[in-house]
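K.L.:
Sharing a structure with you now.
The values are calculated or read from the model by the stated rules, or taken from the named source; none is laboratory data. Treat the numbers as computed from the prediction; the structure is a model and nothing was measured. Counting neighbours? That spans all protein chains shown, and the Cβs are built from the backbone with ideal geometry, glycine included. The accessibility values were calculated without ligands, DNA or RNA, using every heavy atom of the protein model including side chains. Shrake-Rupley method; radii C 1.70, N 1.55, O 1.52, S 1.80 Å.
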Amino acid sequence: MEHIRARANDPITSFEAADAAKELAERHYHKILLILNEFGPMGKDGIAYLASLDANQVSRRLPEMEREGWIALTGRKVKSKSGRAEREWMALTAT
């Protein structure tokens, strides 16, 4: 999966950082899919907790994974760690 992580007019350091982020993103994808397959649908905070990731890391990956057809929104809301409503996600593919 190829996602744009640097713009054409960004400095070379941005491209270097983007390359380094690819491997990290792949690990995040695997962890998120593993959690959703093992525990079922949940929100980003639940995924982050069980995957030992920061909620912001999970938030970045979910739309990317949705575009790839690996996960989808269930259409339901669940409570976040702070008690607010957040979208619930489910796995579409096995790990």
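K.L.:
Quick check: at a probe of 1.4 Å, how many percent of the accessible area of the range 23-92 sits on carbon and sulfur atoms? If you can, show how the numbers build up before the last one.
P.N.:
On the way: 2100 of 4240 Å².
Whole-percent figure for carbon plus sulfur exposure: 50.
K.L.:
For the range 38-86, with every protein chain kept in place, what is the accessible area per residue (1.4 Å probe, Å²)?
P.N.:
It amounts to 64 Å² per residue over the range 38-86.
K.L.:
Which length gain, in nm to one decimal place, applies between R67 and T93 when the Cα-Cα distance is subtracted from 0.36 nm times their residue separation?
P.N.:
Values: separation 26, 0.36 × 26 = 9.36 nm, distance 1.29 nm.
Net length gain for the segment: 8.1 nm.
K.L.:
Pull up all non-local amide H partners of M42: gap of 5 or more, or a different chain, and H-to-H distance under 5 Å with H placed in the peptide plane.
P.N.:
It is W89, by chain and number.
K.L.:
Leaving ligands, DNA and RNA out of it, work out the accessible area of M42 with a 1.4 Å probe and give it in Å² to the nearest 10.
P.N.:
It works out to around 30 Å².
K.L.:
Could you check the spin-label model distance between N9 and K79? Points 7 Å from the Cα along Cα→Cβ, value in nm.
P.N.:
Going by the 7 Å Cα→Cβ label model, 4.7 nm.
K.L.:
To continue, here is another question. May I ask you to evaluate 6.51 cos²θ - 1.76 cosθ + 1.60, the Karplus curve with θ = phi - 60°, for each residue of the range 55-64 and list the ³J(HN,Hα) values in order in whole Hz, giving x for glycine and proline?
P.N.:
4, 5, 5, 5, 4, 5, 7, 4, x, 5
K.L.:
Could you compute the net charge surrounding S80? Neighbours are other residues with a C-beta less than 14 Å from the C-beta of S80; K and R count +1, D and E count -1.
P.N.:
With Lys, Arg at +1 and Asp, Glu at -1, the neighbours total +3.
K.L.:
Out of residues 5 or more away from T95 or on other chains, whose amide H comes under 5 Å of its own, with H placed 1.01 Å from N in the peptide plane?
P.N.:
Sorted by chain and number, the residues that satisfy this come to none at all.
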